[in-house]
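What follows draws every value from the coordinates through simple rules; no lab data is involved. Since we're looking at a predicted model, the values are computed, not measured. All Cβ positions, glycine included, derive from the backbone under ideal geometry; neighbour counts span all protein chains shown.
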DNA sequence: CATGAATGAGGTTTCATTCAT
DNA sequence: TATGAATGAAACCTCATTCAT
């Protein structure tokens, strides 16, 4: 299933190390100039390699996009689930929003990159990417529905609220220069969380209680 | 101020017509394959022209991006203002959201395109684009603040709510394949409007009254 | 023998008039930008014609070079000969130098042009041009030899002196910006004539006599 | 100050070698067909390279013109000065003419090329070229004035004589096909030197003495 | 006779990829 | 394993020339 990428090296450790470097530099350059306008020469130089050396570890320029995808597939949903252990659903949602928005902040470069360059990805990789976005939404949808079934939330369209949550996280990364002139990340999280809670909480006082901690 | 684009034709009518065709086809191709991967040959062919003919109406490939920008600069804020005549602010906001989301639906291709290809625009054109996004947000912010000063709305951060409104409109266009599997445009507008109103209205009953019409 | 140039017009008068205009504008533009860098579009515009109209009077861009050659073939040697009637050879040479240098001044643009663009001419036209330069030299050579046979001049290599005379005339046109900062045309003619006479005259006092007039 | 030309190679020796080849072939082709009519494809082929390889060593076609200029900037005036040590000015002038005319013969291709293609050079490079021509003239002017101040020469316009000397050197190169049918280089130098000396020497016998050696 | 839109070959330049060293 | 020179297809763009109107 995972597409295999050509290498002339038999030293697995070295391949991993070099690819990791390539991916890191590629993301930087692709963000700055776009995929098409970044040349292999530039990329190799920024990796401290020669072009020939680079091609020992990748099969083609397009392969780098695939490596970038692999590199970013963050199993952050697992992190979420840990947060869901014993605490109540209301707090769980708040925590998840916080974790997710924090991840959006950290992974902003990646997300800007995918948003723009998705067109250059293979069909399979494109699908993987869209799937992962859908997963985030579905995760929040489930959480909201859980709250609804527990009588804590009331909401007409859980998936729309989930969608809004996820997109507003993305927005923090994609439009950071605009948003940062008004909010810090913490403030942004706090305000958006309050808005979400205002929409779905049956008993808004709950919100106030915990946000005082 | 407005950058002028080279043409060898003196027939203004023809130039307009041809450029309009070029822009239309270009948007289609750029969406499909991206700016860099769309060749002039393809574009010319898809316009039913030869390359030489195309260059009678533009000076360079980059000029097409500028033409695309001009083509989209919709004075839709003026349309909004007409809606603000005598009616109360609550209804005005609802109407504006509706007009704006409808525009987002119509201009989806353009917005997807800009979102992705903004990196290829000239600095001046990039600024123009960002400015216009900021204008939308500011417009909604003002409207919300008006409602606040009239005692109809109550809201912690008007600009954040305005930002959310504008971005959720964009989202309808940018992520239409996902959203359309759950909502029609009308349904999406209705639900998002209810959410916004739920957040800012002091007396939620107002919402119910009018949405029954 | 004279190459015929295609025209779609049957009105000889008109053809002549238009070609004369074309040649005039072409020389101006070719001098400024060179033959290759001057486009038919520019030329047509500078003639107040359209490209299509221009091609009614010429068959190709290269034809213009040929027309330019025809236009410049000045039968100035005939003018010289008139000056040779009854006066003595010494004065005849002086007069011829003066006439020739004056022509070099008037035809400077042409000469600069040929010097530079000769490479673009057809082989036949190139030969014509070189032949005409050789004719000038031969003319002065004959004159000098006449003076030698009459006992007025003494000179080792008449053709070399003739060559120098002709080239120094050209130089006035080709390097005018340099020379004009030191001499007027009259001064240049006077000084070069004195030098020539100093070289070939047996009895230099003759020179003084006439130059006093 | 010296314009640097792009190369993708870091091997200075190789760059030098390849550029030297390019310049050599370019001069040959440019002489034959002119700058504009010589294609990069032809040039590359005549260098035994592909187009891509050629562009490792130059940044653009125009750069070749600059390289040609650099290649020719001959510090020949220094050579002259060595000849001026202890010998008297009369002999020095004769030697300088000889050295200069010999250089004109060697550098004929270059000079033909510059004469014709100067229009394609950058403004800076054009100035450099004109300056170097002026330097030659000035050099001879100084030498003549030195002779005048020593009482060896008598001349109305030293700069005009200097100009004639320099131009007649150029002429040997520019019009070699004509001149060579009458003179060898040695003969040409000898005759032109005699003419110059005839013009400026106060005591012509000096000339005879040394030319007998 | 004039217009000017269209053609399309051919120009310069770039760059992903290979391969001899 | 690394180097970096070379390849050559393909990109954008120009412009002499034609031809329907």
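The table that follows gives values for the structure above.
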item: For the protein assembly as shown, alpha-carbon Rg relative to the globular expectation (2.2 N^0.38 Å, N residues); result: 1.45
item: Which of C:143, D:31 has the fewest Cβ neighbours within 10 Å, and the rest in rising order; result: D:31, C:143
item: Among C:48, C:147, C:12, residue whose mean-square fluctuation peaks in a GNM of chain C (springs only between Cα atoms under 10 Å); result: C:12
item: Residues B:42, A:194, A:13, sorted so that the one with the fewest Cβ neighbours within 10 Å comes first; result: A:13, B:42, A:194
item: Angle between chain A longest axis and helix A:89-106 axis [Cα atoms, degrees, rounded to 10]; result: 30 degrees
item: Rh (Kirkwood; distinct C-alpha pairs) - the stretch C:94-144, Å; result: 12.1 Å
item: Estimated distance in nm for a label pair at residue D:33 and residue A:91, the labels positioned 7 Å out from Cα along Cα-to-Cβ; result: 8.3 nm
item: Ellipsoid equivalent to chain D - semi-axes via the Cα gyration tensor, in Å; result: 40, 18, 14
item: Exposure proxy order (Cβ contacts within 10 Å, fewest to most) of B:171, B:63, B:186, A:109; result: B:186, A:109, B:63, B:171
item: Closest approach to the A/C rotation axis among chain A Cβ atoms, residue and whole-Å value; result: A:37, 15
item: Value of Rg to Rh for the stretch C:87-175 (Rh from inverse mean 1/r over Cα pairs, i.e. Kirkwood); result: 1.03
item: Förster radius 30 Å - calculated FRET efficiency between residue C:46 and residue B:20 (Cβ-Cβ, nearest 0.05); result: 0.40
item: Between helix B:185-200 and chain B: long-axis angle, C-alpha atoms, 0 to 90°, nearest 10; result: 50 degrees
item: Residue-averaged 222 nm ellipticity for chain B, from DSSP H runs of 4+ at -39500 (n - 2.57), nearest 500; result: -22500 deg cm²/dmol
item: Part-to-part distance (alpha-carbon centres) for the stretch D:1-31 and the stretch C:146-169, which is given in Å; result: 46 Å
item: Relative contact order [Cα under 8 Å, 6+ residues apart], the stretch A:1-51, whole percent; result: 26 percent
item: Teacher prompt: residue B:46 distances to equivalent labels in other copies, 7 Å Cα→Cβ, nm; result: 2.8, 4.0, 4.2
item: Inter-copy spacing of residue B:150 label points, which lie 7 Å from Cα along Cα→Cβ, given in nm from shortest upward; result: 4.0, 10.4, 11.1
item: Chain A, relative contact order in percent, only Cα pairs under 8 angstrom and at least six apart counted; result: 20 percent
item: Label point 7 Å beyond Cα along the C-beta direction, distances from residue B:12 to other copies (nm, shortest first); result: 4.7, 6.1, 7.2
item: Chain D: angle of helix D:158-174 to the longest principal axis, Cα-based, in degrees nearest 10; result: 50 degrees
item: 10 Å Cβ neighbours from other chains, averaged over peptide C:11-20; result: 0
item: Directionally averaged shadow of the stretch C:12-71, computed from the convex hull of its alpha-carbon atoms, nm²; result: 3.6 nm²
item: Label point distance in nm, residue D:130-residue A:11, each placed 7 Å from Cα along Cα→Cβ; result: 6.2 nm
